[in-house]
Amino acid sequence: MRRLLFRLLQEMEQHHDTVLVCIVEESGSAPRGTGAWMLVNGTGQVAGTIGGGRLELRSIEMATELLAERRSLLKHFGLNLTGGADSLGMACGGDVTVLFQRIPWDSGEWRQLAADAAKALRENRPGWLVLDIRGGFPALLEEETAAEEAASLPTGAALRDGRFYLPLPIEERVVIFGAGHIARALVPLLGTVGFRTVVFDDRPEYADPAAFPAAEAVICGDFRDIQASLPITPEDYVVIMTSGHLHDLETEIQILRLETAYVGVIGSRSKIAFVSQKLREAGIPEPAIAAVHTPIGTPIRAVTPEEIAVSIAGELICCRALRRAAVGNTEKE
């Protein structure tokens, strides 16, 4: 969403009207679900995706038509082979309702909304972008100002009483212990799939912000006292791949005494058995040890730092998707 909002502001600066295309309802099987969106200008798609295929192609065509007609539209599509009036001849078997929201380049309301929402995303502040499908102006509800409504607000994207609520996607944070070759490959990769990153190492020459321009922070600290330099939260994803077994163990003992979203540790199977025994001796409960992803990453026979980074990113994406599904929020960008 952040990239789409920035692109919207760029299009408005260039005096280009756009259409925000957003799936507001779905049933059955569809390429993407409620909350998926893209931005279209007079030349076609410029940011985002609603799933590709005929649905996306027809939506781009309709958006350019609506730009010429200077209007918005709510449209139902059948993703089936029935041949009905709204059928796209797709084999998915589901249905979607798509909002085509025209955004004039000179709309002060939209310009302010996009800027405010982009700022909230930069600062990782929770909130909801609210679109009025009946033609009213959009709104931004932030968590602090929406306290009275919070109990009734959806946890995921949802259409209610003529308004479509789209949660601002707060990017999950990955804390990487160890600033070696794999970390250098992993940090920029995670940024492309919507993770924030923090890198922690005890070696000043490795904990160099210039080596990690995409990281939110690079910290030089003591592996024996992590929380003194970097508080860990229950929502953090933790990747442990320090310069040696001792630091890995010191870090893992501290992390497993905390609540986190994910813990992954690099290492061979022989190292895992050794470390697991040391964790037991340190009083770490067996369920916490069993929950550690080790060897870290999806099993794709990765060898190089770049390949290992891909395997770690894949596992993080999967774990994030499972956590989002558990709270009913499956469409973040």
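Brief remarks follow.
- Odd one out for Glu306 among (1) farther than 15 Å from Ile176 by Cα; (2) open to solvent by 20 Å² or more (accessible area, probe 1.4 Å); (3) without any contact (Cβ under 8 Å) to a residue 40 or more places away in the chain: (3)
- Where a residue in the stretch 109-122 is without any contact (Cβ under 8 Å) to a residue 60 or more places away in the chain and closer than 15 Å to Glu11 by Cβ and its partner, wherever it lies, is of a type outside the set (Gly, Ala, Ser) and not in a helix (DSSP H, G or I), with Cβ under 7 Å and at least six apart: Leu113/Pro138; Leu113/Leu140
- Whether a residue is assigned to a loop (DSSP other than H, G, I, E, B), open to solvent by 50 Å² or more (accessible area, probe 1.4 Å) and free of Cβ contacts under 8 Å to residues at least 24 places away in the same chain was assessed, and Pro204 passes this test.
- Out of Thr64, Thr43, one residue alone is loosely packed, with under 15 Cβ neighbours inside 10 Å, hydroxyl-bearing (Ser, Thr, Tyr) and over 25 Å from the mean Cα position of the chain (by Cα). It is Thr43.
- Close pairs (7 angstrom Cβ cut-off, 6 or more residues apart or separate chains): touching a residue at least 12 places away in the same chain (Cβ under 8 Å) and in a strand (DSSP E or B) in the stretch 39-62, of a type in the set (S, T, N, Q) and open to solvent by less than 30 Å² (accessible area, probe 1.4 Å) anywhere: Leu39/Thr18; Val40/Thr18; Asn41/Thr18
- Residue that is farthest from the chain's Cα centre (by Cα) [pool: residues in the stretch 176-196 that are of a type in the set (A, V, I, L, M) and within 15 Å of Gly297 (Cβ to Cβ)]: Ile182
- Only residues that are farther than 20 Å from Trp128 by Cβ and either open to solvent by less than 30 Å² (accessible area, probe 1.4 Å) or in a loop (DSSP other than H, G, I, E, B) (or both) were counted in the stretch 1-33, giving 12.
- Residue within the stretch 120-127 that is open to solvent by less than 50 Å² (accessible area, probe 1.4 Å) and touching a Phe, Trp or Tyr at 6+ places or on another chain (Cβ under 9 Å) present: no
- Any hit, the stretch 294-313, residues being in contact with a Phe, Trp or Tyr (Cβ under 7 Å, 6 or more places away or on another chain) and closer than 30 Å to Cys22 by Cβ: no
- Any pair with Cβ under 8 angstrom, 6 or more apart, that starts in the stretch 125-142 at a residue that is closer than 19 Å to Ile170 by Cβ and at pLDDT 85 or above and ends at one that is open to solvent by 50 Å² or more (accessible area, probe 1.4 Å) and part of a strand (DSSP E or B): Val130/Arg163
- In the set (1) of a type in the set (Gly, Ala, Ser); (2) at pLDDT 90 or above; (3) open to solvent by 10 Å² or more (accessible area, probe 1.4 Å), Ala36 fails one condition alone, (3).
- Looking across the stretch 143-169 at every residue that is part of a loop (DSSP other than H, G, I, E, B) and open to solvent by less than 50 Å² (accessible area, probe 1.4 Å), the one that is modelled with the lowest pLDDT is identified as Ala146.
The values are calculated or read from the model by the stated rules, or taken from the named source; none is laboratory data. In this text the structure is predicted, and so the values were computed from the model without any measurement. Here Cβ is always computed from backbone atoms with ideal geometry, including for glycine, and neighbour counts include all displayed protein chains. What goes into the accessible areas is simple: the full protein's heavy atoms, side chains included, and nothing from ligands, DNA or RNA. Shrake-Rupley method; radii C 1.70, N 1.55, O 1.52, S 1.80 Å.
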